[in-house]
Structure formats: C-alpha cells, structure tokens
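Below is one structure, written out as structure tokens, with a few remarks after it.
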Amino acid sequence: MRFRLRYCFLLMISLPALAQKPKTGLNFTSSKQQQISVYKGTIIVNGNKTFHFAEDSINYASKRNRLEEDKGNVFLFLDVKSAAPKKNRLYIFSINNSVADSVMTTVSSDIKDWDHDGLLEFGGSEVSEAYPSADSVYYVPAKFYEINKGKIVYDAEYTEKIDKKVNGTFIADPMDKNGKYKAIPKPKGRP
C-alpha cells in the first residue's frame, strides 16, 4: 500500500513538469548592461520596442538564439523557422543605442569557430532539388560569414573550402542565365 501511495505522489509531482508551456521569450544582458528581450516576435531593448516580426516564427528553444559581442559591438542571433523544404533562417541584429538594427539573414547554423581561425563563423547552404539526370547534380553554393573586428563579414576562404568539399568544385557565379543553379557532374561518393 505504501508503494502505491508513493507512486501516486511522485506521479502527481511530475505531471506539471511534463505539461510545461513552450518557451515564448528570450532575455539577454550585454556587457554594456543593455537589457534585450524577445517576446512574441518583438525585440525589446532597454524597454523600447525596436523590431517586430510580421509573424512570430522564432524558434525560442533553439540554442542558436544568443548574444555575441566583439570589439564593443553587440549582435543578437535569432533562429527563425522557415517553411519546408527551406532550412531555418538565422536573423542577425546589431544592438546599439537601445535599437535592434537588422544586419542580415542567412541559413541557420551553429555559431562557432568552424575553421579554427579564432573567429566565430555561421551560415551554410540551402537544400537543393534533385537534378533530372543521375550523373549530375545542381551546384548548391554555401555562404559563410564571420564576426571579425566588430563586424559581420563574408568568409570567402571558408565558403570556398566547404563548396569544394560538398560540390567537388567552387563556382564564383553559381546561377545560369535563367536564375537556376548550374548543373555539375555528380561528385564522387555523393548519392
């Protein structure tokens, strides 16, 4: 009988924990003591509503939502859900003078030193559609960026390295005259 009572008691205690609401907000504090909150699609800096997404599709539980600081500049990264088949997007904002200014949007990825150069990189490539011929694929370029000297800049060296690894080649201008990615021979080892 005691076992049943203990079991029922433990079950009653654990049920509310299992029924937790999904996360709907984020809170950050910069080294400059700026209070940055994201709630229901609105970015609030030091109490000022400074940016509002037309549709709240922020992935609040993502570990990619974060604040990064470099050379006195503060950047807010938000992981935003995208309609399939596209990958999620990473929205980057510069936080300055109680304002969130949209800097760029890219493919969502982890933010870390991918190429071991001491700088944080992020970005990637979009999902590609299948090419009609079995011996070829569409060239799907990657785009990587890094935080360097307080700015977000295109990382050409790492982008080229990843393109060569994934596509077997690097094409500086990957679009044809019709606005589609160029077709390339299928790289060895790629299904």
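The values are calculated or read from the model by the stated rules, or taken from the named source; none is laboratory data. Given the structure is predicted, the values throughout are model-derived calculations rather than measurements. All Cβ positions, glycine included, derive from the backbone under ideal geometry; neighbour counts span all protein chains shown. To get the accessible areas, we keep the full protein, side chains included, count just its heavy atoms, and leave off ligands, DNA and RNA. Shrake-Rupley method; radii C 1.70, N 1.55, O 1.52, S 1.80 Å.
Taking only Cα atoms, what is the 0 to 90° angle, nearest 10, from helix 2-18's long axis to the longest principal axis of the chain?
So the inclination is approximately 50 degrees.
Taking K180 as the anchor, which lysines have their alpha carbon closer than 26 Å to its alpha carbon, excluding any fewer than eight residues away along the same chain?
K81, K86, K87, K143, K161, K164, K165, K188
If packing is taken as the average number of other Cβ atoms within 10 Å across a peptide's residues, how do 92-102, 51-61 rank, most packed first?
Top to bottom by mean Cβ count within 10 Å: 92-102, 51-61.
Which values of log₁₀ I(q)/I(0), to two decimal places, follow from the Debye formula for region 65-171 at q = 0.19, 0.21, 0.24 Å⁻¹ with a uniform point scatterer at every Cα?
Here log10 of I(q) over I(0) equals -0.99, -1.14, -1.34.
Which value, in Å² rounded to 10, gives the accessible area of V137 with a 1.4 Å probe and all protein chains present?
20 Å²
Got a sec? What order do M104, M175 fall in by accessible area at 1.4 Å, biggest, i.e. largest, first?
M175, M104
Give me the base-10 log of I(q)/I(0) for region 85-132 at each q in 0.14, 0.16, 0.22, 0.23 Å⁻¹, Debye formula, one uniform scatterer per Cα, rounded to two decimals.
The computed values of log10 I(q)/I(0) come out as -0.50, -0.61, -0.88, -0.91.
Setting aside same-chain residues fewer than 8 positions from K32, which lysines have a Cα under 28 Å from its Cα?
K23, K40, K49, K63, K71, K112, K149, K151
Tell me the angle of helix 156-167 to the major Cα principal axis of the chain, expressed in degrees between 0 and 90 and rounded to the nearest ten.
Tilt of helix 156-167: around 80 degrees.
Using only Cα atoms, figure out Rg for the chain and give it as a multiple of 2.2 N^0.38 Å.
Computed over Cα atoms of the chain, the ratio equals 1.35.
Assuming 0.36 nm per residue, please report the length gained on full extension of the stretch Y138 to R66 beyond their Cα-Cα distance.
In short, 22.6 nm is gained.
Is there a quick way to get the dipole size of region 137-178? I mean about its Cα centre, with the Cβ of Lys and Arg at +1 and of Asp and Glu at -1; what is the value in debye to the nearest 20?
100 debye
Hey, what's the per residue convex hull volume over the C-alpha atoms of region 130-177, in cubic angstrom?
92 Å³
Let me know the whole percent of all Cα-Cα pairs from region 46-121 that are separated by more than 19 Å.
39 percent
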